[in-house]
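Undergrad: I have a structure here, written as structure tokens, and I will follow up with some questions on it.
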Amino acid sequence: MGIDDSTEDTVALAAALRLAMGRTVRRLRQAHAVGDVTLSGVSVLARLAGTGPDSPGSLAELERVRPQAMAGTLAGLEQRGLVSRSPDAADGRRAIVSITDAGRAMLEERRSESVGRLARALEEFSPREREALRATLPLLDRLAERL
């Protein structure tokens, strides 16, 4: 196999992964009600729940979005009472965003719905197929970190 074949295989794999992951995300997203928290909002809530309070600028950087986009996401979350802002103790000019109890509850409910749908779908897979999927998780996590 030459370099060109290897590059073609990599591009074909990338296209197949994009299609499969896109379908999965779309199907999970379709299960949520219209007007529900956006995928960006859920990602921010999950980050705040996992790593704790953070500044809007840092969240924008971590989520790889423009500060203006993060401001819009945070405004929507704050309007729904899912996050709160407070002045940074070290620098009063800066705000710190925290997830609220309502945000944690919504995140858990949404996770439970999505996890339940995935679990029901995985029940149709053989134990060997489920193990193959489990074995790919570290690779998918590594791939996500590199994007």
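Undergrad: Can you tell me which residue in the stretch 112-143 is most open to solvent (accessible area, probe 1.4 Å), limited to those that are closer than 16 Å to MET21 by Cα and hydroxyl-bearing (Ser, Thr, Tyr)?
TA: This residue is THR136.
Undergrad: Can you tell me which residues in the stretch 16-37 are closer than 20 Å to VAL115 by Cα and part of a helix (DSSP H, G or I)?
TA: Our first condition is that a residue be closer than 20 Å to VAL115 by Cα; within the stretch 16-37, this holds for 20-34, 36-37.
Within the stretch 16-37, ALA20, MET21, GLY22, ARG23, THR24, VAL25, ARG26, ARG27, LEU28, ARG29, GLN30 meet the criteria.
Undergrad: Quick check on my filter: what residues within the stretch 38-92 are touching a residue at least 40 places away in the same chain (Cβ under 8 Å), more than 15 Å from GLY103 (Cβ to Cβ) and assigned to a helix (DSSP H, G or I)?
TA: Within the stretch 38-92, just PRO56 meets the criteria.
Undergrad: Also: If a residue must be closer than 25 Å to VAL83 by Cβ and of a type in the set (Gly, Ala, Ser), how many such residues does the stretch 117-147 contain?
TA: 1
Undergrad: On to the next question. Condition test on GLU113, is it out of contact with any strand residue (DSSP E or B) (no Cβ under 6 Å at 6 or more places or on another chain) and over 20 Å from ALA60 (Cα atoms)?
TA: yes
Undergrad: Further question on the same structure: Yes or no: ARG94 more than 21 Å from ARG146 (Cα to Cα), touching a helix residue (DSSP H, G or I) at 6+ places or on another chain (Cβ under 7 Å) and charged (D, E, K, R)?
TA: Judged against the criteria, ARG94 is not a match.
Undergrad: For the stretch 46-61, enumerate the residues that are open to solvent by 50 Å² or more (accessible area, probe 1.4 Å) and more than 20 Å from ARG110 (Cβ to Cβ).
TA: The answer is PRO53, GLU61.
Undergrad: Determine which single condition LEU13 fails, assuming it passes every other condition in (1) in a helix (DSSP H, G or I); (2) more than 17 Å from LEU147 (Cα to Cα); (3) open to solvent by 60 Å² or more (accessible area, probe 1.4 Å).
TA: If we test LEU13 against (1) in a helix (DSSP H, G or I); (2) more than 17 Å from LEU147 (Cα to Cα); (3) open to solvent by 60 Å² or more (accessible area, probe 1.4 Å), just (2) comes out false.
Undergrad: I would also like to ask the following. Looking only at the stretch 71-111, count every residue that is within 17 Å of VAL42 (Cβ to Cβ), aliphatic (A, V, I, L, M), at pLDDT 95 or above and buried (at least 18 other Cβ atoms within 10 Å of the Cβ) and tell me the total.
TA: 6
Undergrad: Looking at (1) β-branched (Val, Ile, Thr); (2) under 20 Å from GLU108 (Cβ atoms); (3) out of contact with any Ser or Thr (no Cβ under 9 Å at 6 or more places or on another chain), which is the one condition that is false for THR38?
TA: (3) is the only condition that THR38 fails.
The values are calculated or read from the model by the stated rules, or taken from the named source; none is laboratory data. What you are looking at is a predicted structure, and each value in this text was computed from that prediction instead of being measured. Cβ coordinates were reconstructed from backbone atoms using ideal geometry, including for glycine residues, and neighbour counts include every protein chain displayed. Ligands, DNA and RNA are stripped out before the accessible areas are found, and what is left, the full protein with its side chains, is counted by its heavy atoms. Shrake-Rupley method; radii C 1.70, N 1.55, O 1.52, S 1.80 Å.
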